[in-house]
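S.K.: Sharing a structure here in structure tokens format.
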Amino acid sequence: MIHAFKMNGYNIILDQNSGCVHSVDEATYDIINMYETTPKEEIKKAILEKYKDDDEVCEEDIDLCFQDIESLIADGRLFAKDTFEDTALEFKKRQGVIKAICLHVAHGCNLNCEYCFAGKGEYGGADKGLMSFEVGKRALDFLIENSGTRRNLEVDFFGGEPLMNWQVVKDLVAYGREQEKIHNKKFRFTLTTNGVLLNDEVMEFCNKEMGNVVLSVDGRKEVHDYMRPFRKGAGSYDLIIPKFQKFAESRNQDKYYVRGTFTHHNLDFSNDVLHLADLGFKQISVEPVVAAETEEYAIREEDIPQIKEEYDKLAKEMIAREKAGEGFNFFHFMIDLTGGPCVYKRLSGCGSGTEYLAVTPWGDFYPCHQFVGEEQFLMGNVDEGITHPEVREQFGKCNVYTKEACKDCFARFYCSGGCAANAYHFQKDINGNYGIGCELQRKRVECAIMIKAALAE
């Protein structure tokens, strides 16, 4: 199966199953699109007629193109067969270890973000609990005990706002470092923060101990302050931006990213991305909000054409800036065409519910942070371990071949079937899909591939 598209003057053929990308001329583009369904003589006749005024397209050229196509097919780089479906579940069965946990060290927040999936950081409950050191310690012990022979483990400090429980974060990092030596493990810690409580001491500690930091900011001041105010209504942009700039520089513009959300209110979000780039940030992620259509800020079907235009606009500007030596990374346009995730990851995605768990302040396990509070997905707790293995089994069977919407989608090995939480919240089925998200993901993959083609010249 191939996916052919034109963008920014490039004619691109993506071979879905091999992952090979071919940037070709107009005539070759047309020939490849007809190759599997049309006899060669008919292709030749059609091409000669279409390009009769083009001196560079002749019968000999078409024959050479046929030869190149046949060579690519023989090498498995064009019209490659799908060899993964029969082994998808086998890959899942082999994965019996937990590699990462998300520690909800605080169910409470000092901001009042309108679109917060976690209900203003409280996950739909009244309990604004802080995780105790003991609960966090048992969570780390659980991760070590269930990680098998895997050495490298991931721990995310999340909330709410984790800096509201900063001492516990520090204590858990110290405990983790002690356990590394005992169990021959290596923890990679990550912190997500809104920046309100960020200070020099936090920055210094993070630069020593955190493999990555995620800094929440939505872009331009008016956009950010509208959606991410304090509880009394004042905006947070002016407070956090100087601190984020200092933090990013202190990490040499690496191993962090500023993470924003765009909504129906700022469909011109490419301006927010570029605003963050102009502030000096080199690692940027600005993602579409995921919300019920009843929310006034939700992305709507009618917004999709404008959003796609914004992605086009952003992609072109990124190419220009990269060529001028002023490039930056936009996470939704990052794609590895030579290596990338292993087959298992391409088939099954993030590993929620199997390799990755979220831990609430009181020690309950959920498949990921976006399922917290959905009691049917409660998997166990730090004291008893996994008490509902059926939930894990449910997630273990989830892959691109169990999702009807993925079967004919060219982007399935790049999004790995998409987010299970989004699928559940929109279709009440983790094997479902979030249609708007799928449509935008396909566009982002096209943009990412086009950027690669442009920068390869």
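Residue-by-condition table, conditions (1) under 13 Å from the mean Cα position of the chain (by Cα); (2) closer than 29 Å to R392 by Cα; (3) modelled with pLDDT under 90:
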residue	(1), (2), (3)
F328	no, no, no
F333	yes, no, no
Y344	no, yes, yes
C350	yes, yes, yes
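S.K.: Under 7 Å by Cβ, and 6 or more places apart or on different chains, what pairs join a residue from the range 195-222 that is free of Cβ contacts under 8 Å to residues at least 60 places away in the same chain with one that is polar (S, T, N, Q) and part of a helix (DSSP H, G or I)?
M.R.: If the second residue must be polar (S, T, N, Q) and part of a helix (DSSP H, G or I), the pairs left are M203/S250; N207/S250; R220/N271.
S.K.: Here is a further query. Would you confirm, using the coordinates I've provided, whether V202 is out of contact with any Gly (no Cβ under 8 Å at 6 or more places or on another chain) and closer than 18 Å to F281 by Cα?
M.R.: Numbers: out of contact with any Gly (no Cβ under 8 Å at 6 or more places or on another chain): yes; closer than 18 Å to F281 by Cα: no.
Against the criterion (out of contact with any Gly (no Cβ under 8 Å at 6 or more places or on another chain) and closer than 18 Å to F281 by Cα), V202 does not qualify.
S.K.: Restricting to the range 40-73, name every residue that is loosely packed, with under 12 Cβ neighbours inside 10 Å and touching an Asp or Glu at 6+ places or on another chain (Cβ under 9 Å).
M.R.: E56
S.K.: Same structure, new question: Here is a check on your reading of the model: is Y356 at negative phi, in contact with a Cys (Cβ under 7 Å, 6 or more places away or on another chain) and surrounded by fewer than 22 Cβ atoms within 10 Å (Cβ to Cβ)? Reasoning before the result, please.
M.R.: Working: at negative phi: yes; in contact with a Cys (Cβ under 7 Å, 6 or more places away or on another chain): yes; surrounded by fewer than 22 Cβ atoms within 10 Å (Cβ to Cβ): yes.
When the stated conditions are applied, Y356 passes them.
S.K.: Still on this model: Being within 22 Å of the chain's Cα centre (by Cα), part of a strand (DSSP E or B), surrounded by 15 or more Cβ atoms within 10 Å (Cβ to Cβ) and not acidic (D, E), is that true of even one residue in the range 227-244?
M.R.: Going residue by residue through the range 227-244, those that are within 22 Å of the chain's Cα centre (by Cα) are 227-228, 244.
Imposing the further condition that a residue be part of a strand (DSSP E or B) reduces the set to none.
No, the range 227-244 contains no residue that is within 22 Å of the chain's Cα centre (by Cα), part of a strand (DSSP E or B), surrounded by 15 or more Cβ atoms within 10 Å (Cβ to Cβ) and not acidic (D, E).
S.K.: Any residue in the range 34-56 that is in a helix (DSSP H, G or I) and within 30 Å of Y401 (Cβ to Cβ)? Give the steps one after another, and end with the answer.
M.R.: So the first thing to find is which residues in the range 34-56 are in a helix (DSSP H, G or I), and the list is 34-35, 40-50.
So of that shortlist, the ones also within 30 Å of Y401 (Cβ to Cβ) come out as 34-35.
The answer is yes; a qualifying residue exists.
S.K.: Moving on. Which condition number in (1) touching a helix residue (DSSP H, G or I) at 6+ places or on another chain (Cβ under 8 Å); (2) modelled with pLDDT of 90 or more is the one that I449 fails?
M.R.: (1)
S.K.: Out of the residues in the range 431-447 meeting the condition of being under 20 Å from L347 (Cβ atoms) and in contact (Cβ under 8 Å) with a residue 60 or more places away in the chain, tell me which one is surrounded by the most Cβ atoms within 10 Å (Cβ to Cβ). So that I can check it myself, show each step before the final result.
M.R.: Keep residues of the range 431-447 that are under 20 Å from L347 (Cβ atoms), which gives 431-434, 437-438, 441-442, 444-445.
Filter again for in contact (Cβ under 8 Å) with a residue 60 or more places away in the chain, leaving 434, 437, 444-445.
Values: Y434: 20, G437: 19, R444: 24, V445: 22.
Filtering first and then ranking leaves R444.
S.K.: Out of the residues in the range 280-301 that are in a loop (DSSP other than H, G, I, E, B) and either among the aromatic types (F, W, Y) or crowded, with 17+ Cβ neighbours inside 10 Å (or both), state the one that is farthest from the chain's Cα centre (by Cα).
M.R.: Selected residue: Y297.
S.K.: Cβ-Cβ below 7 Å, separation at least six or inter-chain, first residue in the range 312-325 and more than 12 Å from L455 (Cα to Cα) and at pLDDT 95 or above, second in a helix (DSSP H, G or I) and of a type in the set (V, I, T): which pairs?
M.R.: Qualifying pairs under 7 Å: L314/V273.
The values are calculated or read from the model by the stated rules, or taken from the named source; none is laboratory data. As the structure is a computational prediction, the values presented were derived from the model and not from experiment. Don't worry about glycine lacking a Cβ; one is built from the backbone with ideal geometry, like all the others, and counts go over all protein chains shown.
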